[in-house]
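Inspection log for the structure reproduced underneath, given as structure tokens.
Every number here is computed from the coordinates shown, using simple stated rules; none is lab data. The structure displayed is predicted, hence computed values, not measured ones. Virtual Cβ from ideal backbone geometry, glycine too; neighbours counted across all protein chains shown.
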Amino acid sequence: YPHLKEDDIAEKCPVCCDNCNCKACLQSSKLINAIKTKKGAKNDHEVELSKYMLKNLLPYLTRLDQEQMVEKEIEAKRQGLPLSELKIKVADLFKDERVYCDNCKTSIFDYHRSCTECSFDLCLLCCCELRRGQLLGGADPYDFKFISRGKDYLHGGKAEEITREKVSHDEIREWSKSRWHADSDGNIPCPKANNGCDHGYLELRIILEPNYISELVCKAKKLAETIKLQEAEEPLDNRCSCLKSVRNADDIHNNTREAAFREDTSGNILYCPRAIDLHHEGLRHFQWHWSKGEPVIVRNVLESSSGLSWEPLVMWRAFRQRRKSKNDSLYDVKALDCLDWCE
């Protein structure tokens, strides 16, 4: 930068500002270390955010602990054991394996029931619904016809000629919930008993350490009492400025956007702030909408970032020409083809 003075370079130079997208800077660990150092810094604002998260998550965590306790009591009674003597088998999983319920497709992170003979898994909520005879979360089997048009078609090319051999019938679901019932003692048989499963039953298993959630709830409640969480200020009252009608396109600058035209409802307006506005008072406004389960569109996110680009070509430049090094783990990435979901 021959036309700039040294002070100007310190203000404007991408390298000096730690937001340069050149290959040398992208492959440097300097920026990564700077981000880690920044994340490690604590301030009053982050403490308030932690209090807010604790207040909103504690009721759900408590309910989760209660669900696990009920399931343990059912299992202990079924085995004829005191609750203190109940031993729950740890799930046999691969590292980073994602476990999900085969009925409702919800991700499972701890307590669940798994078949002793096949790979069928069921979450605790579905176990409870099945015992009540009110199982939701799925449909009976049906045939799905998949037509293969060739690999080139997946990548924007021409489709191959369709032949009878290229049409396959895949049964999306190989078991029926309509004929599936729990035993009187709470035991749950595998619903796939007539489809290759040798009459297995669903055994209670865990992924985390025993009593992990119970201990976490205990710590959270003690912390809530210590900081007098019940006296914490609510993010906003029930009157929100976003509920007013959007009259013209200029209202987008007021952080609102009209998304629907339904009559007799205040739910036509979406909160649409800029990322740079989501600090302090703006953050409380965001929390009000987010806690109600409303969609929020956050605009201009890169304005409040480090300045690094998320464009594919920039990321490709960062990862190419890498060789084995002591920092190799920093560059372990997986890429998915969005057309066919191949890894």
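Miscellaneous remarks
- Cβ crowding within 10 Å averaged over residues, with 101-107, 297-303 ranked highest first: 101-107, 297-303
- When each of the peptides 155-161, 122-128, 212-218 is scored by the mean number of other C-beta atoms lying within 10 Å of its residues, the order from highest to lowest reads 122-128, 212-218, 155-161.
- Potential lengthening of the chain between E303 and R98 amounts to 70.4 nm, from the contour at 0.36 nm per residue minus the alpha-carbon distance.
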